[in-house]
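The values are calculated or read from the model by the stated rules, or taken from the named source; none is laboratory data. Quick caveat, the model's predicted, so the values are computed rather than measured. Note: ideal-geometry Cβ built from the backbone for every residue, glycine included; neighbour counts use all protein chains shown. With ligands, DNA and RNA removed, areas are computed over all heavy atoms of the protein, side chains included. Shrake-Rupley method; radii C 1.70, N 1.55, O 1.52, S 1.80 Å.
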Amino acid sequence: MYDPTHLRTFLAVAQTLSFTQAARRLGLRQSTVSQHVRRLEEATGRQLFSRDTHSVELTEDGEAMLGFARRLLEVHEQATAFFTGTRVRGRLRFGASEDFVLTRLPEILEGFRHDHPEVDLELTVELSGTLHEQLAAGKLDLVLAKRRPQDPRGELVWRDDLVWVGSEHVRLEPDRPVPLIVYPPPGITRARALEALEEQGREWRIVCTSGSLNGLIAAARAGLGVMAHSRRLIPPGLFRVPDRSGLPELGKVDFVLVHGRRRGAAEGAANALAAAVLAGGDRLHRGQRGGR
């Protein structure tokens with residue numbers, strides 16, 4: 001009833017909330033993406049997206065289709081692998097940024113291990129900037145991390161707003177430096193926060209530096225200051241700082257998959273895990289509590 005090609009296109013649009021970005025990810029024309037979504041909507045008899053010239057949002061039926069589409073594609077791929085006799089093997093060095101510590105990435109990795117038991121998966125959790133450096137040095141085979149929108153590297157998983165977050169009771173005084181909670185260099189959110197404040201001409205001071213997301217969260221929950229964070233990944237117990245605080249806008253951030261240069265077994269395993277992440281990418285930023 002549902003064409004796997006149409007389901008993959010639907011997931012790409014749902015994860016990027018952009019027909020243009022979905023077309024780039026899939027290597028299709030935007031008109032083809034629109035056609036796939038339209039045919040899936042005809043098959044379901046429901047509208048899956050509400051869209052205008054400025055935004056794309058999932059409808060209630062679209063939200064329901066997310067889970068169905070993911071499971072249907074997983075079963076389809078399992079059946080294809082079984083009957084073609086292809087088995088992915090080898091050692092795979094996978095790096096994921098700290099942003100995914102509190103998400104449902106473990107579910108995706110668990111499913112991957114179940115489907116590909118002969119892959120020896122090694123996981124590294126680090127800052128996005130550090131992961132990109134390790135990938136360039138040949139120490140990783142696949143990375144799931146942040147990049148800036150102007151950076152051409154990687155396959156887009158989704159694009160999000162960077163926002164200021166902190167304790168519900170944090171107070172910012174307009175005549176005092178902004179208290180910042182940041183990752184150490186080369187943290188991408190750190191760099192963007194400092195750039196935005198410098199551009200605004202607003203003074204700042206660093207009150208906490210930690211290479212651990214849990215460390216940053218603890219400092220923010222204690223009310224020590226504010227931090228730049230992905231809007232759809234705001235941790236429990238933290239909240240978006242209201243616009244009336246006068247803090248500068250931070251712009252967009254992309255979450256991408258970037259492949260290393262290794263060939264052979266590692267390449268096949270990396271392609272299989274990349275496909276699993278792209279198919280289940282909505283799990284990475286759904287079910288979060290906190291931000292408002």
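To keep it simple, each residue is scored yes or no on (1) out of contact with any Lys or Arg (no Cβ under 9 Å at 6 or more places or on another chain); (2) open to solvent by less than 70 Å² (accessible area, probe 1.4 Å); (3) not in a strand (DSSP E or B).
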position: 111; (1), (2), (3): yes, yes, yes
position: 114; (1), (2), (3): yes, no, yes
position: 129; (1), (2), (3): no, yes, yes
position: 143; (1), (2), (3): yes, yes, no
position: 156; (1), (2), (3): no, yes, no
position: 163; (1), (2), (3): no, yes, no
- Residues being part of a helix (DSSP H, G or I), farther than 18 Å from residue 163 by Cα and in contact with a Lys or Arg (Cβ under 9 Å, 6 or more places away or on another chain): count how many of those fall in region 175-220. 0
- Among residues belonging to region 233-277 that are assigned to a helix (DSSP H, G or I) and open to solvent by less than 10 Å² (accessible area, probe 1.4 Å), point out the one that is nearest to residue 180 (Cα to Cα). 233
- For residue 48, the lone unmet condition from (1) of a type outside the set (Ser, Thr, Tyr); (2) modelled with pLDDT of 95 or more; (3) surrounded by fewer than 19 Cβ atoms within 10 Å (Cβ to Cβ) is (3)
- Those residues of region 75-103 which are assigned to a helix (DSSP H, G or I) and either without any contact (Cβ under 8 Å) to a residue 40 or more places away in the chain or more than 20 Å from the chain's Cα centre (by Cα) (or both) amount to 75, 76, 77, 78, 79, 80, 81, 82, 83, 84
- Message: Given the options 233, 194, 224, name the one that is in the same structural domain as residue 105 (by the TED database) and either closer than 16 Å to residue 100 by Cβ or at pLDDT below 95 (or both).
- Response: 233
